[in-house]
Structure formats: structure tokens, C-alpha cells
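All remarks here apply to the structure that follows.
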Amino acid sequence: MDGSDIPIIPDDYGTHYCANNLSKGYNMMHLNALYDLLNKRYVDAVLQNSRSANERSALISMIDNIKYNSIIITDRGYESYNTIAHLENNELKYVIRIKNTA
């Protein structure tokens, strides 16, 4: 599981970023993708408005669609007690990289 920002063209305040008043700015969406390493294919994805992207909620929405025994591997940003509870309730194995606060 990983998330990536994707540049897009449309004019939409929710996806628009501008560095300063002199800059034209750009638009961006956030893609959360679940990839099956063994079968080499994407099995699910959630596209979110980049300004309000929430990787944890994206993962939780995809957990319910996993129909077979899996090991979920995620990057930073997906960690939370709520995410872990959903993984545990669905009897999925997982590895989550977390931020080091030390």
C-alpha cells in the first residue's frame, strides 16, 4: 500500500496549490493504491482530493475488499490505532512503517 501525489490540469480550489502570489500554481490529487506483489497487479485504489487526503481512511475502506489471506505492507502515514484495529478485526497480517519521534 502506498500513496502518491498526481499532478492534474483542472482548475479546482480543493486540489490547487500556489507557492506565492506571483506563482501560477498547480493542481494535485492523492492516489492510494493497493498492489498485489505476487500477481503483479493493482487490486484496489482510492483517489482523494490532495488537500483533504487521509491515507488511513483510504486503507480502512480498502481492507473490507480484501477477500483472501494477505500481508498488508504500508508506508508512513497509514499508521494509527484505528487502522491496526481494522486489520486485526479482518484477521490480516501487516507491516507498517512508522515515524520515529526519538
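The values are calculated or read from the model by the stated rules, or taken from the named source; none is laboratory data. Quick caveat, the model's predicted, so the values are computed rather than measured. As a convention, Cβ positions derive from the backbone with ideal geometry for all residues, glycine included, and neighbour counts pool all protein chains shown. In case anyone asks, the SASA skips ligands and DNA or RNA and just uses the protein heavy atoms, side chains included. Shrake-Rupley method; radii C 1.70, N 1.55, O 1.52, S 1.80 Å.
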Restricting to region 51-102, name every residue that is in contact (Cβ under 8 Å) with a residue 12 or more places away in the chain, within 30 Å of ASP12 (Cβ to Cβ) and among the small types (Gly, Ala, Ser).
SER52, ALA53, ALA58, SER61, GLY77, SER80
So, in region 43-60, of the ones that are part of a helix (DSSP H, G or I) and open to solvent by 60 Å² or more (accessible area, probe 1.4 Å), which residue ends up nearest to GLY3 (Cα to Cα)?
ARG56
Could you please find all residues in region 61-77 being open to solvent by less than 80 Å² (accessible area, probe 1.4 Å), within 14 Å of ASP2 (Cα to Cα), not in a helix (DSSP H, G or I) and not hydroxyl-bearing (Ser, Thr, Tyr)?
ILE72, ASP75, GLY77
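When only residues in region 18-42 that are part of a strand (DSSP E or B) and open to solvent by 60 Å² or more (accessible area, probe 1.4 Å) count, which is nearest to ASP75 (Cα to Cα)?
Residues of region 18-42 that are part of a strand (DSSP E or B), as a first pass: 26-36, 41-42.
Then drop every residue that is not open to solvent by 60 Å² or more (accessible area, probe 1.4 Å), which leaves 26, 35, 41-42.
Working: TYR26: 25, TYR35: 13, ARG41: 18, TYR42: 16 Å.
Looking at residues that are part of a strand (DSSP E or B) and open to solvent by 60 Å² or more (accessible area, probe 1.4 Å), I get TYR35.
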Please go through region 80-98 and pick out each residue that is part of a loop (DSSP other than H, G, I, E, B), in contact with a strand residue (DSSP E or B) (Cβ under 8 Å, 6 or more places away or on another chain) and open to solvent by 50 Å² or more (accessible area, probe 1.4 Å).
ARG97
